[in-house]
Amino acid sequence: MAKILGTLVVLALIVGAFMLSRGPSLTSTQATADEPAEVPGYAARNAEVVETGDDGRPLYTLEADLVRQHPNDNRIQLDAPRMTYVTSDGQLWHVKARSGQVREDGANVELYGDVHLNGELPNAEAPMVIDTSILSFDTKRQVVTTHAPVTLDWNGKKIAAVGLSANLNDQVVQLQSRFHGSFSSK
């Protein structure tokens with residue numbers, strides 16, 4: 001009886017060694033092959049993109065130190081983005097940030113970290129300056145928005161608020177909360 005038990009144990013070891021030496025089964029190989037991998041996208045240094053309107057004139061120019069595409073989610077990551085927007089009446093708006101992202105269709109540009117927006121307004125003595133930490137730029141509607149704290153500086157008047165919506169073409173700025181203002185006597 002011990003001889004039969006010993007033979008079964010040796011046979012079991014041989015079968016186990018054979019199964020382990022065959023490698024992964026077809027099922028586990030298929031599962032690994034079916035898992036989607038991140039498809040490599042493009043990357044570019046010192047990139048510049050110019051978006052034009054229906055009339056062929058530039059609407060905005062977007063520059064970044066580094067651009068990386070993530071094709072799995074149609075997102076383009078921007079390092080140190082700078083953007084110049086031209087309103088319908090020719091006024092210029094400039095924005096810069098530490099980082100940002102844009103979807104492949106270019107309809108929304110999201111900017112993050114030390115966002116600084118300044119632009120010309122007709123009959124103003126100085127450009128309007130908006131500082132915040134996060135800013136969303138809807139390039140189709142020409143509207144910038146944020147729900148973060150914001151500082152607005154215009155003609156020596158400073159206002160702090162939380163949240164802002166500005167239509168750059170219509171030159172309408174709306175603060176989304178109660179605000180605190182500081183006006184100089186100049």
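Using a simple spin-label model with pseudo-atoms 7 Å out from Cα toward Cβ, E104 and S177 lie 3.7 nm apart. Using C-alpha pairs below 8 Å separated by at least 6 residues, the relative contact order for the stretch 56-186 is 14 percent.
A simple spin-label model places pseudo-atoms 7 Å from Cα toward Cβ; at D114 and Q69 they are separated by 3.0 nm. Shape call for the stretch 64-141 from the C-alpha gyration tensor, a ≥ b ≥ c root eigenvalues: rounded (a/c under 1.5), prolate (a/b greater than b/c) or oblate? It comes out prolate by the Cα gyration axes.
When each of L121, L78 is scored by the number of other beta-carbon atoms lying within 10 Å, the sequence from fewest to most is L121, L78.
What the Kirkwood sum gives for the stretch 43-183 is a hydrodynamic radius of 15.5 Å, with every pair of different alpha carbons counted. For the stretch 63-82, the residues whose backbone nitrogen is under 14 Å from a point 7 Å from the Cα of A148, taken along Cα to Cβ, are 80-81.
Simple spin-label estimate for A126 and D138 gives 3.1 nm between the two label positions (7 Å along the Cα-to-Cβ direction from each Cα).
Here, each number is a calculation from the coordinates, and none is a lab measurement. Quick caveat: nothing in here was measured; it's all calculated off a predicted structure. Don't worry about glycine lacking a Cβ; one is built from the backbone with ideal geometry, like all the others, and counts go over all protein chains shown.
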